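S.K.: Please read through the structure below; I'll follow up with questions.
We did not get these values from a lab; they are worked out from the coordinates using the rules stated. Bear in mind that the values here come from a model prediction, so they are computed numbers and not experimental data. Ideal geometry is used to build each Cβ from the backbone, glycine not excepted, and the neighbour counts take in all protein chains shown.
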């Protein structure tokens, strides 16, 4: 029994060396072939993961980051995915970083980068991060900040994601006062507010923008005004 115990470290080292040799041999072949239709089922799970993780590092060295990420996803190597995400973040490539943190299922990293993007005014990326985490409170904060910075289209997108009709109506009212009617229409339409859509239709009518007026009355299901414009001005669907 004692001689078996003594032999174990040597056997482990031998197995490790043989595995490493196989892995080192396979990596250039795998990298050259690519990951599509790659079949490694003849190897053990550990060997497959070792090969793919090593291939991922080779892809990184070659600047083929997308393929590296694919390989890491195949091995569920979350730690390395997070590291690559952090590298992207350091390069201000926030969208790529968010993708990596999502694949690593690291919600804490997603929250942090979302908050960073919010502070830096990178609203699209902030929305992306907070949406993935499902943090409604943070998304409202992003929408309010977008409104403050007059990034109204982004604000509308955020409030629509949240299905927050009150915020959409509030923003639409603000845009109406600023005579930004296209965005007003978008906000009111997403809020499904017929009263305000009718008001907007009236504004278009006063401006003699008949086609726009007809479109908005249609959204408001105002059959009377639709018929008026159709019969008197020949407007159609």
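S.K.: Grab the Cα-Cα distance for residue 136 and residue 76, subtract it from 0.36 nm times how many residues apart they are, and report the gain in nm with one decimal.
M.R.: Additional length available on full extension: 18.8 nm.
S.K.: On to the next question. Could you sort 183-193, 144-154 so that the peptide with the highest average Cβ count within 10 Å comes first and the rest follow in order? Don't jump to the answer; show the numbers that get you there.
M.R.: Details: 183-193: 21.8, 144-154: 16.3.
Ranked from most to least packed, the peptides come out as 183-193, 144-154.
S.K.: Right, something else. Could you give the length gained by full extension between residue 231 and residue 39, i.e. 0.36 nm per residue of separation minus their alpha carbon distance, to one decimal place?
M.R.: Gain on extension, residue 231 to residue 39, equals 62.4 nm.
S.K.: Determine, for each peptide in 106-119, 32-45, the mean count of other beta carbons within 10 angstrom over its residues, then list the peptides with the highest first.
M.R.: Descending mean neighbour count gives 106-119, 32-45.
S.K.: Right, here's the next one. Summing -39500 (n - 2.57) over the DSSP H runs of n ≥ 4 in the chain and dividing by its residue number, what mean residue ellipticity at 222 nm do you reach, to the nearest 500 deg cm²/dmol?
M.R.: It comes out at -25500 deg cm²/dmol, rounded to the nearest 500.
S.K.: With axes computed from alpha carbons, what is the tilt in degrees of helix 94-103 against the longest principal axis of the chain, rounded to the nearest 10 within 0 to 90?
M.R.: Approximately 60 degrees, to the nearest 10.
S.K.: So what is the relative contact order for the chain, in percent, with contacts set as C-alpha pairs under 8 Å and at least six apart?
M.R.: Over the chain, the number comes to 7 percent.
S.K.: Cα-Cα pairs above 22 Å in segment 32-158: how many percent?
M.R.: Beyond 22 Å sits 44 percent of the P(r) for segment 32-158.
S.K.: Taking the simple approach of a point 7 Å from Cα along Cα-to-Cβ for both residue 32 and residue 90, what is their distance in nm?
M.R.: Modelled inter-label distance: 3.2 nm.
S.K.: Give the peptides 169-177, 59-67, 95-103, 72-80 in descending order of average Cβ contacts within 10 Å, highest first.
M.R.: So the order, starting with the most tightly packed, is 95-103, 169-177, 72-80, 59-67.
S.K.: I'm checking a number: the convex hull volume of the Cα atoms of segment 48-87, normalised per residue, in Å³. What is it?
M.R.: Per residue, the Cα convex hull of segment 48-87 comes to 51 Å³.
S.K.: Please report how far the C-alpha centroid of segment 150-177 lies from that of segment 50-76, rounded to the nearest whole angstrom.
M.R.: 41
S.K.: How large is the direction-averaged shadow of the alpha-carbon convex hull of the chain, in nm²?
M.R.: Taking the Cα atoms of the chain, their convex hull projects to 20.6 nm² on average.
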